[in-house]
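The values are calculated or read from the model by the stated rules, or taken from the named source; none is laboratory data. Keep in mind the model is a prediction, meaning the values are calculated, not measured. Here Cβ is always computed from backbone atoms with ideal geometry, including for glycine, and neighbour counts include all displayed protein chains. Side chains are part of the model used for accessible areas, which takes the heavy atoms of the whole protein and leaves out ligands, DNA and RNA. Shrake-Rupley method; radii C 1.70, N 1.55, O 1.52, S 1.80 Å.
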Amino acid sequence: MRAGATSALRLDAMPGMFFSASPKELKGTDHSLLEDKTQKRRPKTFGMDVKAYLRSMLPHLESGMKPSKSKDILSVDEVMQWSQSLEKLLANQTGQDVFGNFLKSEFSEENIEFWLACEDYKKTESDLLHCKAEKIYKAFVQSDAAKQINIDFRTRESTAKKIKAPTPTCFDEAQKVIYTLMEKDSYPRFLKSNIYLNLLNDLQANSLK
């Protein structure tokens, strides 16, 4: 690949990556999100060597595989845009995964999981709002939730009242609190983290090959 050309890397196989709770999990009846309180804290062995982690994410960096053109291509420009705002980072599926993996390393992945659950909830059909609202509330908002988010008492109480007659916006207040928390706290650290910087550096180095 010549210097200056747009760099790109396939992300078809990304073992060890974080994936947020899917809509199917929220619709399920096993209440796994609600009852598995052992998932709140991960063992200290979670933090694998960053280089090994990146190699597992991007195996073609080691093998010299040529990237192919597809929707799964990740470019240097795209990753650099993640540093412009949290909004741009979360608008990108791979950005969500990488940021989620960083939050997992800080034991705060419930923040992005809740934010993504709220985004999915807004698209829910009206006849399913009550069921899904209750599951999200029990999983993330109520005081003894397995993945309790860090929101103030007033917002928690306000959300509890809103889900009694749920609308697509009943979690907006709590979601905004969590977004602001990630934006002011976790996001700046993410931009300085080895996970982000090494990924960006490897992409830039690959563009010069």
Rounded to the nearest 0.05, FRET efficiency between ASP152 and ASN201 (Cβ-Cβ, R0 35 Å) equals 0.35
Please give the Cα centre distance for the range 168-209 versus the range 73-97, rounded to the nearest Å. 8 Å
Where trypsin sites (Lys or Arg not before Pro) fall in DSSP loop in the range 67-132, at most 10 other Cβ within 10 Å: LYS69, LYS71, LYS123
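Here is the link list: LYS162/LYS192; LYS138/LYS176; LYS104/LYS164; LYS123/LYS164; LYS88/LYS164. Which ones come out longer than 28 Å on Cα distance?
LYS162/LYS192; LYS104/LYS164; LYS88/LYS164
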Just to check, using Stokes-Einstein with a Kirkwood Rh over alpha carbon pairs, what's the diffusion coefficient of the range 76-198 at 4 °C and 1.567 mPa s in µm²/s? 86 µm²/s
What do you reckon, how do THR169, THR155, THR94 stack up by accessible area (1.4 Å probe), largest on top? THR169, THR94, THR155
How charged is the neighbourhood of LEU191? Take every other residue with its Cβ under 13 Å from the Cβ of LEU191, and add Lys/Arg as +1 and Asp/Glu as -1. +2
